[in-house]
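Single-structure report; data block below.
The values are calculated or read from the model by the stated rules, or taken from the named source; none is laboratory data. Here the structure is a predicted model, which is why all the values come from computation and not from measurement. Heads up, the Cβs are rebuilt from the backbone with ideal geometry, glycines too, and the neighbour counts pull from every protein chain shown. All accessible areas refer to the heavy atoms of the entire protein, side chains included, with ligands and DNA or RNA removed. Shrake-Rupley method; radii C 1.70, N 1.55, O 1.52, S 1.80 Å.
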Amino acid sequence: MTYKVGILGATGAVGQEIIRLLHERSFPFSELKLLASPRSAGRTQSYKEHSWTIEATTEASFDDLDICIFSAGGDQSKHYAPIAQAAGCLVIDNSSAYRMDPKVPLVVPEINPQAALTHSGILANPNCSTAIALMGLYPLHKAFGLKKVIASTYQAVSGSGAEALKELEDQLHDWSKGKAYEPKVYPHPIAFNVIPHVDSFDEEGNTREELKLLNESQKILNLKTLSVSCTCVRVPVRRAHSISITASFEKAVDLDEARTAITEFKNVELVDDPQSLKYPMPLDYSERVPCGVGRIRATSVLENGLSFWVVGDQLWKGAALNAIQIAELLHEESKVHF
Ligand code: A2P
């Protein structure tokens, strides 16, 4: 079985990774349609020996597709996902538009693959920090029963799109030439800085990004009792998010058991030998499938407490890779068509 596959937002930071991973992972596609805004229409996109002409997205774009991976922001998803669904095209959506919709499965294939099988044409990919945090938290949850999470994120600029990565590079370039730089994507300079602000603030002072870790984790883990406190921070890293987590569990935590649970979990690596300066870092986890977990230690601040550090490529596990893993899962289960 092969599929006609589309990418909405093909010219963006995530779209480019989707093109690459569909090829590298040998996803069974017979055709690939690259969709973006009218600004990009007619441009040529190539990958190795292949090339395509970018098409402007229209309501008819999905009529001849089996699957379309959306990565063009929430407004495009809200508009085009129901149109694609009505045309019989499966939507795997990277935006936050449908994540909390009870009819839409929110899936990390290593964690809740069974949820994907209940789809009715639209599936959601989790927030990037949530997907990466859960790759560390879920094996520990299975071993000890998760109750509470306190987290701080260290989020790479490519999570804000291709323009934000360019902004960091341009600022560094201007700085090296002694020139002043004017931020455009972020509200403050990102070079040589950290910005404790990702997404918009609510009345209580949390950002929407911070609440995603709570709401999406509850949905993916099917754990309504989970409580989460999170501070999301943008850092001048090109690629791969890191998250510092302190969690409280139902059962007493045995450190050896915790390390075994991490080691045995699919697509997670334990890198935890601080005496030899070994811990996961963004440069080591960029353009890689697994997430890395390290700095595991007990803490007395919370009952049955454990602190750790998890790193993953947010363009891959937090977006493109996870979306393609969902497509692979549905292909294996013959559940692409609905
Ligand atoms: P375009 O390059 O034509 O603007 P990023 O997250 O890296 O900023 O990328 C956003 C992606 O969403 C790009 O591929 C962008 O295409 C696409 N996009 C933005 N607005 C629209 C639109 N109105 N219709 C279709 N695609 C859009």
Members of segment 1-11 that are within 10 Å of the ligand (Cβ to nearest atom) and either more than 24 Å from the chain's Cα centre (by Cα) or surrounded by 22 or more Cβ atoms within 10 Å (Cβ to Cβ) (or both): I7, L8, G9, A10
Selection count, segment 26-46, where residues are open to solvent by 20 Å² or more (accessible area, probe 1.4 Å) and in contact (Cβ under 8 Å) with a residue 60 or more places away in the chain: 1
Count of residues meeting criterion [within 21 Å of T225 (Cα to Cα) and touching a strand residue (DSSP E or B) at 6+ places or on another chain (Cβ under 8 Å)] in segment 113-140: 11
Matching option when the condition is of a type in the set (A, V, I, L, M, F, W, C) and more than 17 Å from the chain's Cα centre (by Cα), among L137, L165, L90: L90
Sole exception among (1) within 12 Å of the ligand (Cβ to nearest atom); (2) free of Cβ contacts under 8 Å to residues at least 60 places away in the same chain; (3) under 18 Å from the mean Cα position of the chain (by Cα) for I69, by number: (2)
Residue match in segment 23-42 (condition: under 19 Å from F338 (Cβ atoms), assigned to a helix (DSSP H, G or I) and under 19 Å from the mean Cα position of the chain (by Cα)): no
Hey, G6 touching a strand residue (DSSP E or B) at 6+ places or on another chain (Cβ under 8 Å) and either acidic (D, E) or in contact (Cβ under 8 Å) with a residue 24 or more places away in the chain (or both) or not: yes
Evaluation of W175 against (1) surrounded by 13 or more Cβ atoms within 10 Å (Cβ to Cβ); (2) over 20 Å from S160 (Cα atoms); (3) touching a residue at least 60 places away in the same chain (Cβ under 8 Å) (one fails), failing number: (3)
Qualifying strands (runs of 3 or more DSSP E) (wholly inside segment 213-296; at least 3 residues being open to solvent by 20 Å² or more (accessible area, probe 1.4 Å)): 227-234
Segment 178-200 - residue that is open to solvent by less than 70 Å² (accessible area, probe 1.4 Å) and aromatic (F, W, Y) and, of those, farthest from the chain's Cα centre (by Cα): Y181
Residues that are among the small types (G, A, S) and more than 20 Å from R20 (Cα to Cα), drawn from segment 44-72: A56, A60, S61
Boolean, H79 is farther than 16 Å from A320 by Cα and within 16 Å of the ligand (Cβ to nearest atom): yes
Residues (without any contact (Cβ under 8 Å) to a residue 40 or more places away in the chain, surrounded by fewer than 17 Cβ atoms within 10 Å (Cβ to Cβ) and closer than 24 Å to K219 by Cα) located in segment 83-112: D101, P102, K103
